[in-house]
Amino acid sequence: MTLRPTRRAVGIALAATIVVAACGGSDDDTASTDVPPETQAPVETDAPPETEAPVETDAPPETEAPVETDAPPETEAPVETDAPPETEPEASGTRTIEHAFGTSEIPAEPQRIAAFGEEFLLADLLSLGVTPLVSTSNNADEFPGIDPALVEDVELIFTPDFNVEEVAALEPDVILAYPSAFDFLPGGYDVVNGIAPTVAIGTTEMDWRERLTATAEVLGLEADLDERFAAIDDAFEAARPDIDGRSFSTLAIFANLFIRAYTTGDHRLMGVITDLGGELVPSDLDGADATGRVVISLEQFTLLEGENLLLLQTDEEASAVEEAEATPLWPAIPAVQADRVITLDRLGYPGAEGLARFATDLAAAVRELDS
């Protein structure tokens, strides 16, 4: 499924919610689709088993013996392989997928995949060995957290610049997207589905493991999931000793002192911390969004009592961090006083494999502070 399209710029048409800006941007890969296992099997109804019987009635049983004396019984199998059930996917050329927005018939082996889940969906596709034709991104110039060499042939669409006509001109043969993406794409699901058969991946409630599984199932690539999950789990377990029992106050700081605290494990990165035995301080503040993020004031810095202060920042936000550090309340934060401040890229860990890298990097940072 690796593609080699020519990169082109995509026109501006819509401001979307997943942006890295002072408004907070999107740093979550929320969503994925209900892809029931039973819908994953290729459509076999084009030649149902019951229609195979008539093929054998052309020669009644009593006439079989003379016919079979010319050729030994072992030569009979090739005669029946003209249309065996297992060849039906190739014969039909499509697969039927049920998902959150209905049912879609997609190519059995799509060659021109459009991925509208920013670098989070893109990273999962790449881990499955699939390079899409085009993908939305949180950044206008790159796919954050992904090796540029892996995506040099992937057309980049900065989410606010999404344009239906220009996407249609790329002629994708299937579109994959997280359900939440349709809230921000022009015309929503119906318009996007008009470009090419469109499948919503999973549901917003899915965790990273379920989301990667749903993505693999849509494309019929479940075979090596166990090996991938084992590698991710090994990375988590290696990081556990450095995170278990430690407390973290986590912030993202934007221009004009717009500050968010991360207070629950509902956020994809915070879920790694809590799953590995870490504690978030403060936790469950009023006003938290669906991923546990809360806008706080400088005065609420007194709530940041975690042993470690974790800053989730992109390179473009360095000046915003300096602005916060210049306030008189910053030095009063216990972790600042103890010189236990960790800075990691909020957008640098997309997809399931990105979470494993986050655990590894956070554990390494904690060990360095302990040394």
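The values are calculated or read from the model by the stated rules, or taken from the named source; none is laboratory data. Keep in mind it's a predicted model, so treat the numbers as computed, not measured. Don't worry about glycine lacking a Cβ; one is built from the backbone with ideal geometry, like all the others, and counts go over all protein chains shown. Ligands, DNA and RNA are excluded from the accessible area calculation, which covers all protein heavy atoms including side chains. Shrake-Rupley method; radii C 1.70, N 1.55, O 1.52, S 1.80 Å.
Tell me, which residue of the range 275-289 that is surrounded by fewer than 20 Cβ atoms within 10 Å (Cβ to Cβ) and not in a loop (DSSP other than H, G, I, E, B) is farthest from the chain's Cα centre (by Cα)?
Only one residue fits best here, namely 279.
Tell me which strands (runs of 3 or more DSSP E) are completely within the range 124-228 and hold 2 or more residues being crowded, with 23+ Cβ neighbours inside 10 Å and hydroxyl-bearing (Ser, Thr, Tyr), or say none if there are none.
Numbers: elements: 134-137, 155-158, 174-177, 198-200.
Result: 134-137.
May I ask you to verify whether residue 371 is at pLDDT below 95 and out of contact with any Ser or Thr (no Cβ under 8 Å at 6 or more places or on another chain)? Let's see the steps before the verdict.
Numbers: at pLDDT below 95: yes; out of contact with any Ser or Thr (no Cβ under 8 Å at 6 or more places or on another chain): yes.
Against the criterion (at pLDDT below 95 and out of contact with any Ser or Thr (no Cβ under 8 Å at 6 or more places or on another chain)), residue 371 qualifies.
From the list 336, 272, 295, 366, which one is open to solvent by 20 Å² or more (accessible area, probe 1.4 Å), part of a helix (DSSP H, G or I) and of a type outside the set (Lys, Arg)? Let's see the steps before the verdict.
Working: 272 fails: open to solvent by 20 Å² or more (accessible area, probe 1.4 Å); 295 fails: part of a helix (DSSP H, G or I); 366 fails: open to solvent by 20 Å² or more (accessible area, probe 1.4 Å).
Only one candidate qualifies: 336.
Of (1) modelled with pLDDT of 95 or more; (2) under 24 Å from residue 272 (Cβ atoms), residue 177 satisfies all except one. Which?
Status for residue 177: all satisfied but (2).
What pairs come up if the first residue lies in the range 235-261 and is under 20 Å from residue 341 (Cβ atoms) and surrounded by fewer than 19 Cβ atoms within 10 Å (Cβ to Cβ), the second is hydrophobic (A, V, I, L, M, F, W, C) and at pLDDT 95 or above, and their beta carbons are under 6 Å apart, counting only those six or more places apart or on different chains?
As it stands, the answer is 247/281; 255/320, since those pairs meet every condition given.
I'd like to verify a number: residues in the range 301-332 that are more than 20 Å from residue 279 (Cα to Cα), of a type in the set (D, E, K, R) and surrounded by fewer than 18 Cβ atoms within 10 Å (Cβ to Cβ), how many?
Looking only at that region, the number is 5.
Answer yes or no as to whether residue 310 is within 14 Å of residue 248 (Cβ to Cβ) and out of contact with any Asp or Glu (no Cβ under 9 Å at 6 or more places or on another chain).
Details: within 14 Å of residue 248 (Cβ to Cβ): yes; out of contact with any Asp or Glu (no Cβ under 9 Å at 6 or more places or on another chain): yes.
Criteria met by residue 310.
Kindly provide the set of residues from the range 324-360 that are on the phi > 0 side of the Ramachandran plot and among the charged types (D, E, K, R), ordered by number. Write out each step before concluding.
The initial filter retains those residues of the range 324-360 that are on the phi > 0 side of the Ramachandran plot, namely 339, 351.
Correct list: 339 only.
Among the listed residues 327, 360, 343, which satisfies the condition of being polar (S, T, N, Q), outside any helix (DSSP H, G or I), within 28 Å of the chain's Cα centre (by Cα) and at pLDDT 95 or above? First the steps, then the outcome.
Numbers: 327 fails: within 28 Å of the chain's Cα centre (by Cα); 360 fails: outside any helix (DSSP H, G or I).
When all the criteria are applied, what remains is 343.
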